[in-house]
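A.B. asks: Take a look at this one; I'll ask things after.
The values are calculated or read from the model by the stated rules, or taken from the named source; none is laboratory data. Fair warning: this is a prediction, and the values are worked out from it, not measured in the lab. We place every Cβ from the backbone using ideal geometry, glycine too, and count neighbours over all the protein chains shown. Remember, those area values only see protein heavy atoms, side chains included, never the ligands or the DNA or RNA. Shrake-Rupley method; radii C 1.70, N 1.55, O 1.52, S 1.80 Å.
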Amino acid sequence: MSVPLLKIGVVLSTMAMITNWMSQTLPSLVGLNTTKLTAAQGGYPDRSIGVLPANPEESWQVYSSAQDSEGRCVCTVVAPQQTMCSRDARTKQLRQLLEKVQNMTQSIQVLDQRTQRDLQYVVKMEDQLRGLETKFRQVEENHKQNIAKQYKAIKAKMAELRPLIPVLEEYKADARLVQQFKEEVQNLTSSLSLLQQEMGAYDYDDLHSRVVSLEERLRACMQKLACGKLTGISDAITIKTSGSRFGSWMTDPLAPEGDTRVWYMDGYHNNRFVREYKSMADFMTSDNFTSHRLPHPWSGTGQVVYNGSIYFNKFQSNMIIKFDFKTSTISKSQRLDNAGYSNTYHYAWGGHSDIDLMVDEGGLWAVYATNQNAGNIVISKLHPLTLHIIQTWTTNHPRRSAGESFMICGTLYVTNGYSGGTKVYYAYHTNSSTYEYIDIVLQNKYSHISMLDYNPRDRALYAWNNGHQVLYNVTLFHVIRSEQL
């Protein structure tokens, strides 16, 4: 039973008890003696049939007690005839009892008023409790839904983090490997010190072989360290503001140590002049440059300088040309069979960007699209001397939906656009011929990116951003596999 119904039951029970007391106790208090009908009166001796006044004319009579339509207690009392002497002692007692009954009637009326007020309060509280119960039910349902959503989010996050567990285990092994290298170097240093003192020929030969072995292992280790999975890109660093809305600029990742020349090409077609700046400092602070005239105009912004030569796509063709800066001649040219050109399969921003040449730690690459692959991105590894295709991978990503792309460690990373909010969201891994969707923010500081290339020596992205030449530092996730060393 609910609380409101319990309160109503208590009130009604109390009223019934008062009514029962009035009907049974009041006659004895008044002094109304009961009379039993004998056998002579009814044929049945010693059997009571009711409560009747001994003398109706001299006594008070309580006929009944009941409740009216509003739930109040009502008593029916018949007073004696007024012929009785007022000085009689019984009359005085009856008057006192009458006053008591009247007081009781007033008390009952007060109790009734309170009961009605309490009843209204109980009804009101019942409505409020029902409303509160409904609200609690809604809150509980919403809470269950929120818990379900949070559980799904946590489950998804755990699914993302679970593959990192074996990677962390590999990191532990890598740490032990590096510690082993450190100990071997320390041992070799000690041996060299002793050898310098003793000058033993046999010890020298043995030590030399150990040094060569360690050097090879360290070189292999460093080669592994050079590659990794892209996990972050820094904010844009503005190097210079110059040129038109479209263009490309770069440094040579295979240049000799100390060679920091900058190569600069403004525009995406009908231009064949390449600027050479002596250093990054000259490029940032002056306009002193040497101009190189190419034999053909380039197409798009996908040029790349690699090992002293510039590789570019000849305008209105799928021809790739290698131009040697030292000799100022074309050292090699080769058609990229089936590759679209002249704005057939360009990047989202257009600009005759059908063929994009790029380099990474593994060498020279071409990124384009073909009719045979339904306009989706095709990746080809090129031989830097002959320009022949070494291997080709076909992807399912539409070329025209890509904002820009770049290669890092054999993985092609694609942006979702070239203007506004930009991010790297697609990655194709040539080592496993698989792809995945990622979410790495790329700050588009000047709202229009028309060139984006990776330089493995600088470990940085070069970009042309609406007439601004900018750099991005990258964060790579390295894994050293000791079993391959």
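A.B. asks: Condition first: open to solvent by less than 60 Å² (accessible area, probe 1.4 Å), of a type outside the set (D, E, K, R) and not in a strand (DSSP E or B). Now tell me which residues in the stretch 351-376 satisfy that.
C.D. replies: Within the stretch 351-376, GLY351, HIS352, SER353, ILE355, GLY362, ASN373, GLY375 qualify.
A.B. asks: Another one. Within the stretch 446-463, is there a residue that is surrounded by 17 or more Cβ atoms within 10 Å (Cβ to Cβ), within 30 Å of the chain's Cα centre (by Cα), farther than 22 Å from GLY243 by Cβ and not polar (S, T, N, Q)?
C.D. replies: no
A.B. asks: Scan the stretch 377-433 for residues that are in a strand (DSSP E or B), hydroxyl-bearing (Ser, Thr, Tyr) and more than 21 Å from ASN307 (Cβ to Cβ) and jot them down.
C.D. replies: Answer for the stretch 377-433, where residues must be in a strand (DSSP E or B), hydroxyl-bearing (Ser, Thr, Tyr) and more than 21 Å from ASN307 (Cβ to Cβ): THR392, THR394, THR395, SER405, THR411, TYR413, THR415, THR422, TYR425, TYR426, TYR428.
A.B. asks: Which condition number does ASN376 fail, the rest of (1) at pLDDT 95 or above; (2) over 19 Å from TYR426 (Cα atoms) being met?
C.D. replies: The number of the failed condition is (2).
A.B. asks: For the stretch 396-409, which positions are open to solvent by less than 10 Å² (accessible area, probe 1.4 Å) and not aromatic (Phe, Trp, Tyr)?
C.D. replies: Of everything in the stretch 396-409, those that are open to solvent by less than 10 Å² (accessible area, probe 1.4 Å) and not aromatic (Phe, Trp, Tyr) turn out to be HIS397, ARG399, ALA402, GLY403, GLU404, SER405, MET407, ILE408.
A.B. asks: On to the next question. For the stretch 250-271, what are the residues that are assigned to a strand (DSSP E or B) and either surrounded by fewer than 13 Cβ atoms within 10 Å (Cβ to Cβ) or not aliphatic (A, V, I, L, M) (or both)?
C.D. replies: Within the stretch 250-271, TRP263, TYR264, ASP266 meet the criteria.
A.B. asks: Can you confirm whether the stretch 272-285 contains a residue that is at pLDDT 95 or above, open to solvent by less than 10 Å² (accessible area, probe 1.4 Å) and either out of contact with any Phe, Trp or Tyr (no Cβ under 7 Å at 6 or more places or on another chain) or part of a strand (DSSP E or B) (or both)?
C.D. replies: Looking for residues that are at pLDDT 95 or above, open to solvent by less than 10 Å² (accessible area, probe 1.4 Å) and either out of contact with any Phe, Trp or Tyr (no Cβ under 7 Å at 6 or more places or on another chain) or part of a strand (DSSP E or B) (or both), one finds at least one in the stretch 272-285, hence yes.
A.B. asks: Among the residues of the stretch 292-350, how many are aliphatic (A, V, I, L, M), assigned to a loop (DSSP other than H, G, I, E, B) and either open to solvent by less than 10 Å² (accessible area, probe 1.4 Å) or free of Cβ contacts under 8 Å to residues at least 40 places away in the same chain (or both)?
C.D. replies: Residues flagged as aliphatic (A, V, I, L, M), assigned to a loop (DSSP other than H, G, I, E, B) and either open to solvent by less than 10 Å² (accessible area, probe 1.4 Å) or free of Cβ contacts under 8 Å to residues at least 40 places away in the same chain (or both) within the stretch 292-350 amount to 2.
A.B. asks: Scan the stretch 391-410 for residues that are out of contact with any Cys (no Cβ under 9 Å at 6 or more places or on another chain) and over 14 Å from VAL378 (Cβ atoms) and jot them down.
C.D. replies: Selection gives SER401, GLY403, GLU404, PHE406.
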